[in-house]
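Chemist: Let me begin by handing over the structure; questions about it come next.
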Amino acid sequence: MADPDGLGQRANGLIHRTMSLPQLGAGVRSPVGRPYGRGWPGPRGLALRSSRRASIASSAAALNQLPAWASMTSGSCSRWQPDELFMRDAMKPFRVSVVQCRGTPYEVGRAQARLFAATPKGRAFLSRTTIRFPWWFNIQTEQRTFAKFSPALWEEIGGLADGLGIAMERAVLCFGNNGLRPPLGGCSAIMSNGVYGRNYDFKPRHYAARFVVVQASGSYASIGSSELLTGRLDGMNEHGLTIGLHLVRSSPRYPGLSCVLMVRLVLDQCATTAEAVAMLRSLPHAMQYNYSLLDANGVAAVVEAVPGSVAVRTGDWLACTNHFQSSLLRPLNRRAAHSQQRLSPLEAWAARHLSAEAMFTALNRSTSPAFHHGYLKGAGTLHTIVAEPSKKRLLIGIGGDAAALEEDMLDVSLDRWLQGEDLPVAHLEGQLGGMSRPFEWPVPRKRGKSHGARDAT
């Protein structure tokens, strides 16, 4: 069979090198620099527990035997290593909701609405009595868009409207295509050896903080990070297909589909990387994004997309950050040095063919060159996911060093969930730490006019 996108092509390998891991669970103080007390686990709680944690510890030991990062990068990564004492003082607890829904698209929408209405964000949303519709908004146009690309999502929005007790026009405005504002943070992804790893970086204040496991009739079941209820930032579906998005440029924006809606469409309708590539080629892109992909057969791809043009990178292993690498789209890149700096260690890890546990440790540790600490600048690492598509397995960690904290990472078997075994948690907790400067929660909104580009750095 012909392979027009070259999904079977081999990529050149790189020598993997990494920095030594910090000692986890050492000392007698809490991760926030306070003595242990109410609400904080003791030293025993910080120790690696269970066979899964032992597996992570063994992976960490293997990584420690490799050469230091400084020898590979000539000191370029030294600025990624914040002071250990300052990191403890700066850490803040952070909670993410885990939502589980089964039923028709309409029933899924109503269930999500009920849960959303009980959150502070939901109550704030419902408290707004005055809604201003932009001049360009037309519900008939929105309905035609969903009828063409995803009729099931239109039904889900109808369930959201009824569940929240709002007009369909308002639901479409807020949760439809034009209401799904694109994330502007930086993100890192690795696809190698049948394992997909990704860090999602953005501002905590603008993070939806919501992972959703959905099984709606007429669509593939999936688990992923939700954006405004209907969109997805990343995720894996019941066939193991895994996808994540990566901002390249936030402007200009053209008529087309939002990036988070595209991720949702891929999860709902595609079973393989080839199908996802074909869909992303056919969809009208509104902005400039990368999409990283891996399926259950180990086929990896990066789709570089701009309005009117798409380029596809393939290989046995791939890494993806926030710039285009194809010769066709490279001239459109913005100045983002951090994206180039993250790419080198990611490629080194990809060429090393790490296990799922080792990849999670490499991406999620707070001293990793792939971990961002600039939460106030819009580039802090909020969550890490690592998928094994062939096993339908997904590891989720919030903040940094998730495997070392009492609020451990979530280990999801999508197959067991599809068989009716619900996830045992309603929330997943972690620590946001190691910031470039003290983190204030919530982050105060700046007043006055904004100057310069809106792109996060």
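Chemist: Among L343, L283, L265, L318, which is modelled with pLDDT under 95 and assigned by TED's automatic domain parsing to the domain that holds V212?
Modeler: Details: L283 fails: modelled with pLDDT under 95; L265 fails: modelled with pLDDT under 95; L318 fails: modelled with pLDDT under 95.
Going through L343, L283, L265, L318 in turn, just one is modelled with pLDDT under 95 and assigned by TED's automatic domain parsing to the domain that holds V212: L343.
Chemist: Any residue in the stretch 373-387 that is among the polar types (S, T, N, Q), assigned to a helix (DSSP H, G or I), surrounded by 24 or more Cβ atoms within 10 Å (Cβ to Cβ) and assigned by TED's automatic domain parsing to the domain that holds V195? I'd like the intermediate steps shown before the answer.
Modeler: Start the filter on the stretch 373-387 by keeping residues that are among the polar types (S, T, N, Q), which leaves 381, 384.
Remaining after also requiring assigned to a helix (DSSP H, G or I): none.
Checked against the condition, which is being among the polar types (S, T, N, Q), assigned to a helix (DSSP H, G or I), surrounded by 24 or more Cβ atoms within 10 Å (Cβ to Cβ) and assigned by TED's automatic domain parsing to the domain that holds V195, the stretch 373-387 yields no hits at all.
Chemist: Follow-up. Which is over 17 Å from the mean Cα position of the chain (by Cα) and assigned to a helix (DSSP H, G or I), of A296, A274, A305?
Modeler: The unique qualifying residue is A274.
Chemist: Look through R249, R205, R170, R253 and report the one residue that is of a type outside the set (A, V, I, L, M) and modelled with pLDDT of 95 or more.
Modeler: Numbers: R249 fails: modelled with pLDDT of 95 or more; R205 fails: modelled with pLDDT of 95 or more; R253 fails: modelled with pLDDT of 95 or more.
Selected residue: R170, the only one of R249, R205, R170, R253 that is of a type outside the set (A, V, I, L, M) and modelled with pLDDT of 95 or more.
Chemist: Would you check if A305 is surrounded by 24 or more Cβ atoms within 10 Å (Cβ to Cβ) and without any contact (Cβ under 8 Å) to a residue 40 or more places away in the chain? Give the derivation first.
Modeler: Working: surrounded by 24 or more Cβ atoms within 10 Å (Cβ to Cβ): yes; without any contact (Cβ under 8 Å) to a residue 40 or more places away in the chain: yes.
It is true that A305 is surrounded by 24 or more Cβ atoms within 10 Å (Cβ to Cβ) and without any contact (Cβ under 8 Å) to a residue 40 or more places away in the chain.
Chemist: (1) surrounded by fewer than 24 Cβ atoms within 10 Å (Cβ to Cβ); (2) not assigned by TED's automatic domain parsing to the domain that holds I385: which one isn't true of E156, the others all being true?
Modeler: Checking E156 against (1) surrounded by fewer than 24 Cβ atoms within 10 Å (Cβ to Cβ); (2) not assigned by TED's automatic domain parsing to the domain that holds I385, the one that fails is (1).
Chemist: Considering only residues that are of a type in the set (V, I, T) and more than 25 Å from S282 (Cβ to Cβ), which ones fall in the stretch 113-151?
Modeler: Here is the first cut: in the stretch 113-151, the residues of a type in the set (V, I, T) are 119, 129-131, 139, 141, 145.
Correct list: T119, T129, T130, I131.
Chemist: Which is surrounded by fewer than 19 Cβ atoms within 10 Å (Cβ to Cβ) and either in contact (Cβ under 8 Å) with a residue 60 or more places away in the chain or in contact with a Lys or Arg (Cβ under 8 Å, 6 or more places away or on another chain) (or both), of R181, R210? Can you show your working first?
Modeler: Working: R210 fails: surrounded by fewer than 19 Cβ atoms within 10 Å (Cβ to Cβ).
Checking each option against the conditions leaves just R181.
Chemist: Still on this structure, I have one more. Which members of the stretch 224-252 meet the condition of being touching a residue at least 40 places away in the same chain (Cβ under 8 Å) and either assigned to a loop (DSSP other than H, G, I, E, B) or not assigned by TED's automatic domain parsing to the domain that holds L395 (or both)?
Modeler: L228, L229, T230, E238, H239, G240, L241, S250, S251, listed by residue number.
To keep it simple, each residue is scored yes or no on (1) in a strand (DSSP E or B); (2) over 30 Å from W135 (Cβ atoms).
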site: M191; (1), (2): yes, yes
site: V213; (1), (2): yes, yes
site: Y220; (1), (2): no, yes
site: R264; (1), (2): no, no
site: A278; (1), (2): no, yes
site: Y289; (1), (2): yes, no
site: S292; (1), (2): yes, yes
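Chemist: Give the residue that is farthest from I385 (Cα to Cα), with candidates limited to residues of the stretch 175-201 that are out of contact with any Asp or Glu (no Cβ under 9 Å at 6 or more places or on another chain) and modelled with pLDDT of 95 or more.
Modeler: M191
Chemist: Further question: Name the single residue that is nearest to V172 (Cα to Cα) among those in the stretch 243-264 being surrounded by fewer than 22 Cβ atoms within 10 Å (Cβ to Cβ) and either touching a Pro at 6+ places or on another chain (Cβ under 9 Å) or hydrophobic (A, V, I, L, M, F, W, C) (or both). Give the derivation first.
Modeler: Taking the stretch 243-264 first, the residues surrounded by fewer than 22 Cβ atoms within 10 Å (Cβ to Cβ) are 249-257.
Now restrict to residues that are either touching a Pro at 6+ places or on another chain (Cβ under 9 Å) or hydrophobic (A, V, I, L, M, F, W, C) (or both): 250, 252-257.
Details: S250: 22, P252: 23, R253: 19, Y254: 19, P255: 17, G256: 16, L257: 14 Å.
Applying the filter and picking the extreme gives L257.
Chemist: What's the total number of residues in the stretch 213-223 that are of a type in the set (G, A, S) and either without any contact (Cβ under 8 Å) to a residue 40 or more places away in the chain or surrounded by 24 or more Cβ atoms within 10 Å (Cβ to Cβ) (or both)?
Modeler: So in the stretch 213-223, the residues of a type in the set (G, A, S) come out as 216-219, 221-222.
Those still in the list that are either without any contact (Cβ under 8 Å) to a residue 40 or more places away in the chain or surrounded by 24 or more Cβ atoms within 10 Å (Cβ to Cβ) (or both) too: 222.
Number of matching residues: 1.
Chemist: Which residue out of G163, G197, G109 is farther than 29 Å from H338 by Cβ and crowded, with 24+ Cβ neighbours inside 10 Å? Give the derivation first.
Modeler: Details: G163 fails: crowded, with 24+ Cβ neighbours inside 10 Å; G197 fails: farther than 29 Å from H338 by Cβ.
Being farther than 29 Å from H338 by Cβ and crowded, with 24+ Cβ neighbours inside 10 Å holds for just one of G163, G197, G109, which is G109.
The values are calculated or read from the model by the stated rules, or taken from the named source; none is laboratory data. The structure presented is a predicted model; accordingly, all values stated were derived computationally and were not measured. In this analysis, Cβ positions are derived from the backbone assuming ideal geometry, glycine residues included, and neighbour counts consider all displayed protein chains.
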